[in-house]
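Contents: one structure, followed by commentary.
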Amino acid sequence: MATFVYKGGAGNNLINGSDFDDLMYGRGGNDTLIGAAFPDTLYGETGNDVLSGDQDSDRLYGGPGIDTLWGGDGNDFLWGGSDADSVFGGGGNDSLKGGTGNDSLLGDPGNDTLWGEAGNDILDGGEGIDSVYGNDGDDTLRAGNDGMRDGLFGQAGDDTFIASGDFFDVFEGGTGNDTFEGSSGRDLFRGGAGDDLIIVRGGDGRDRLFGDAGNDTAKFPGSTSVYVDIRAAKDYFIFRFASGNERGALSTVENIITGSGDDDLIGNGAANRMASGAGNDHVNGQSGMDTLLGQGGHDTLVGEQSDDLLRGGPGNDRLLGRGNDDRLEGNGGNDTLEGGNHQDLLEGGAGNDTLKGNSGNDTVNGGGGRDTAFGGPGADSLSGDAGADTLSGDGGRDTLVGGNDNDLLKGGNDADVIYGGGGRDRIIGGAGNDIMTGNADKDFFVFQNGFGKDQITDFQPNVDKIDLRAVSGVDSFSDIKQVSWDDGTAVAKIGRNEIVLTGVTWSDLDAGDFLV
């Protein structure tokens, strides 16, 4: 059959094909080339061209410029060329290539193959069994919503994959930090190299999601409660929605993000980051240096082994550090924080919190509100900040700082350093040789049997009180043996115990300064 050749000029040309095999060249200018029956070959060349293949199996080449290519019916080959092109396959099993530039490719009906090539491209296979390749650049790849099986391959760049429909599609991220958004279908996603984000929607599918290399995240948005277990007890991990409509498998995923449901999350030996969102959630990091974020709701966060960061959020949360050196932050709400066996940092934040350092040399800060803090064994540092707080050093050489309200400060069984701060404080040194400072306002220094050799650094006669009512053998002021150092410092001796009043002499004192 004869082939007709059409060549445009330097201007904007309109070329219509014949009912034979046509070969068209747009040349310069913004040209429109329209094929007809039988296989045609169209070259837009330079300029912003429109190429339409119409019927049969055509070959369209856009060339330089911002081109629009329509394959029409038949099994067509379309190549956009340089610049940002729009390429539409039409009916038939088509092959589409974007070329350089940020291109848009749509396969339309038929079993199509799409290559984005260079640039940040948008690729949609449309209806049919399609194969879509992003190639270079940060591409967006969309599966068709037609119940057919598609294969989408991002390759290089930070790509975005969007699943649709309810059939089994295959997605492979390749290199780069990719984002995969699932649907109700039974999808298979492999992240490849890079730090990938996998968004899992509730539905009827049974997805298999592989993060592969990199630091990957699975996100479960929405209000449906979800159970996610990424412990490496098997070759894959499991997740399931509370509605029972979907469950699936995860593999090589390190981080979890959930929505507003009441979620149950279990980590693994990697350094997990798990953010449970709103809802009353339970999050267990397992081994690994984890970051656990409760965010909204009344949450329970458990760090387990390694050095973990636990951050509660606005609800009434429970944070358990357990192993190694942990950082626990209650933030808003009336929270309970418990350290573990090592050197932990506990910060209650706003609200009336309960904080327990447990073993190790811990730093405990109650923050705003009426807080209760326990140091536990070890040399701990406890501070109340704002609010009427209760601080207990327990065992070890502790440092307690009350803050600006009426605090109760209890040292414990070793040599402690206690600062009352502002407010009317009640300071109990306990056993051991303690150093106590009341600071501003009227303070009470309370002693018990066997309190040791204590020092009060800023006792204010006729303002502060020394409470000896729990000390055996002291029934009156005269039962206190009055001793003075060479510089006149007053020392109250009771048996083997003594109280040193720095900067105070016995001439400054009288019976009214003591409660017996």
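No value in this document is a laboratory result; all are computed from the given coordinates. On a predicted model such as this, the values are computed, not experimentally measured, just so you know. As a convention, Cβ positions derive from the backbone with ideal geometry for all residues, glycine included, and neighbour counts pool all protein chains shown.
Odds and ends about this structure:
- Net charge over other residues, Cβ less than 11 angstrom from the Cβ of residue 271 (K, R count +1; D, E count -1): -3
- Around the amide H of residue 515, modelled in the peptide plane, lie the amide H atoms of 466, 467, 468, all under 5 Å away and 5 or more residues distant in sequence or on another chain.
- Only Cα pairs under 8 Å and 6+ residues apart enter the sum, and on that basis the relative contact order of region 1-137 stands at 12 percent.
- J(HN,Hα) series, region 352-363, from Karplus relation 6.51 cos²θ - 1.76 cosθ + 1.60, nearest Hz, glycine and proline x: 8, 9, 10, 10, 10, x, 6, 5, x, 8, 9, 10
- From the coordinates of this entry, Cα extents along the principal axes in Å is computed, and it appears in (i) 130, 48, 29; (ii) 78, 72, 53; (iii) 84, 64, 50 under the label (i).
- The charge dipole of the chain, taken about its Cα centre with unit charges on the Cβ of Lys, Arg, Asp and Glu (plus for the first two, minus for the last two), comes to roughly 1900 debye.
- Highest mean packing first, where packing is the average number of other Cβ atoms within 10 Å per residue, the peptides 33-42, 217-226 line up as 33-42, 217-226.
- Under the criterion of Cα pairs below 8 Å and six or more residues apart, the relative contact order for the chain equals 4 percent.
- Put simply, when 454-463, 290-299 are sorted by average Cβ atoms within 10 angstrom per residue, most first, you get 290-299, 454-463.
- Whole-Å distance, taken between Cα centres, linking region 7-55 and region 123-163: 29
- The H on the amide N of residue 350, modeled in the peptide plane, is under 5 Å from the matching H of 331, 332, 368, each at least 5 residues off or on a different chain.
- Proximal charge balance of residue 27 [Cβ under 12 Å; K/R count +1, D/E count -1]: -2
- This model, with +1 at the C-beta of Lys and Arg and -1 at the C-beta of Asp and Glu, gives region 1-137 a dipole about its Cα centre of some 440 debye.
- Rounded to whole Hz, the Karplus (6.51, -1.76, 1.60) HN-Hα couplings of region 406-416, x for glycine and proline: 7, 10, 10, 10, 10, x, x, 9, 10, 6, 10
- Beta bridges assigned by DSSP with both partners in the chain are antiparallel in approximately 10 percent of cases.
- Placed amide H near residue 372: partners under 5 Å, 5+ positions off or other chain: 353, 354, 355, 390
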